[in-house]
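**Q** The following block contains the structure, expressed as structure tokens.
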Amino acid sequence: MTDELLTEEAPPPGGVPPSPAQTFASQFGGLRGAVGPLTTTVLAFFISGIAIAAIGKDPIKVYRAIFDGTGLNWFVHVGSHSIRVPFGTSHVWFPWDTASPAALNLQQTFLLTTPIILTGLAVAFAFRCGLFNIGGQGQYLVGSYFAVWVGSSFPHMNAFLHVTFAIVAATLAGAVYAGIAGLLKATVGAHEVISTIMLNWIAIWVGSYLLGQGGPLQNSTQKAIPISNDVVAGAKLPVFWGLKLLQGLSVGIFIAVAMLIVYWIVINRTTLGFEVRAVGFNPEAARYGGISVARSYFLAMAISGAFAGLAGSTDILGWEYRIGELDVHANQIGFIGLAAALLGRNTAVGVGAAGLLFGALINGTSGRQLDASIFRPDLAGNLTTIIQGLVILFVGINLGGLAVWYRRKRGKVA
């Protein structure tokens, strides 16, 4: 079996339906490279624009305002803090400011992008093994619980060791939690969609107990507030751009980028990655070739959970510094990561780009960014949900398959 065999969809032998990985591999069969995801994104924005126009607003102005709210205009911003450097016969502007609105917005966008990338990888890695991990949200929450517990304890521990301990604890917690679904799949054949959904609810309600009044993780000073203790200063991730008090950008974004590289290497350059892909495309053929399917299922889910648990730690240690009972029920990062994985076609570059897109949308449509005269801030956040839903819808209806079908139909008519 070669890598080429793992990149083409073979016809199912004996009428056996294709695996999820085979189905997704052909998802954009008629739309090569980045064309498929780009087409999906453009269509999602176009239809959302129709909805904006239907309520009497100018879609172009709204999207421009959202773009400005993301902070991505920082890259073309020329402000009072810029540095003009001679380059040949012209000059180049470097906007090194950290306190302008564009800089502050961009810091927020990257903070939101970090966990979306990591939870996206949690979905993508499992999918490469033919598993649909819906449990990224629960795994993210479990990682958050362990991060806040370790981070708010051991106040006299060395800062580097404390941060490392909290990150490792959260990552392992996510891996163990997702490993439960992998173990059930490997041993009794329990469907991972059902088990991970149930595990999501368990994580949510366990969090309510832990952080609720009288719970083990509730803060020790304000007994009436269902929220954890703050992470101690030594357990906080360093902020390299901006101010901690203003939720400056921590090094968590570099952790997310590093995990994208790790994901690519493991999937494409290791024996484990080859086995995972082989099982994803055809578990029976992989078993015949000597690969342990049960082991691959367990490891794929455990590694996926590790990504999601790590996402929880980057949020808690990077900028939130605490977690409350209301946060447990309101947080949706794991499900946004699912949309990012689908849009990114489970590739490292794709998940990274989709994570940035959704992180920018969430920040750009937040109530504090949009001018109410352009679009109602209380409705703006729904645009992100609409676009996410449209992305999943278009992936589900197989745009690439439709393109192939249309070309074949035209060929027959001709």
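**Q** Carbon and sulfur: what percent of region 118-199's accessible surface (1.4 Å probe)?
**A** 80
**Q** Ignoring ligands, DNA and RNA, what percent of the 1.4 Å accessible area of region 236-288 is carbon and sulfur? Don't jump to the answer; show the numbers that get you there.
**A** Values: 1940 of 2780 Å².
Of the solvent-accessible surface of region 236-288, carbon and sulfur hold 70 percent.
**Q** Here's something else I'd like to know. Under a crude label model (7 Å from the Cα following the beta-carbon direction), how far is residue 193 from residue 54 in nanometres?
**A** Output for this residue pair reads 2.7 nm.
**Q** Using only the Cα atoms of region 235-378, construct the convex hull and provide its projected area averaged over every direction, in square nanometres to one decimal.
**A** Directional mean of the projected Cα hull area for region 235-378 stands at 11.3 nm².
**Q** Using a 10 Å cut-off on Cβ atoms, rank the peptides 105-116, 323-334, 41-52 from the highest mean neighbour count down.
**A** In descending order of packing, they fall as 105-116, 323-334, 41-52.
**Q** If you don't mind, there's one more thing I want to ask. Could you tell me what a quarter of the Cα convex hull surface of region 284-345 works out to, in nm² with one decimal place?
**A** Its Cα hull, projected and averaged over all orientations, spans 6.2 nm².
**Q** Between residue 47 and residue 73, what is the spin-label point distance in nm, taking each point 7 Å from the Cα along the Cα→C-beta axis?
**A** 2.9
**Q** At a Förster radius of 60 Å, what calculated FRET efficiency corresponds to the Cβ-Cβ distance of residue 376 and residue 156, to the nearest 0.05?
**A** 0.75
**Q** Applying the Karplus parametrisation 6.51 cos²θ - 1.76 cosθ + 1.60 with θ = phi - 60° to the phi angles of region 59-71, what ³J(HN,Hα) value in whole Hz is obtained for each residue in order, glycine and proline being reported as x?
**A** x, 5, 5, 5, 5, 5, 5, 5, 4, 5, x, 6, x
**Q** Okay, moving on. Which three extents, in whole angstrom, do the alpha-carbon atoms of region 255-308 cover along their principal axes, largest first?
**A** Projected onto the principal axes, the Cα atoms of region 255-308 cover 38, 20, 14 Å.
**Q** Starting at 0 and stepping by 10 Å, how many percent of the alpha carbon pairs of region 174-237 end up in each bin?
**A** 20, 31, 27, 18, 4
The values are calculated or read from the model by the stated rules, or taken from the named source; none is laboratory data. Quick caveat, the model's predicted, so the values are computed rather than measured. Methodologically, a virtual Cβ is constructed for each residue, glycine included, from the backbone with ideal geometry; neighbour enumeration extends over all protein chains shown. Ligands, DNA and RNA are stripped out before the accessible areas are found, and what is left, the full protein with its side chains, is counted by its heavy atoms. Shrake-Rupley method; radii C 1.70, N 1.55, O 1.52, S 1.80 Å.
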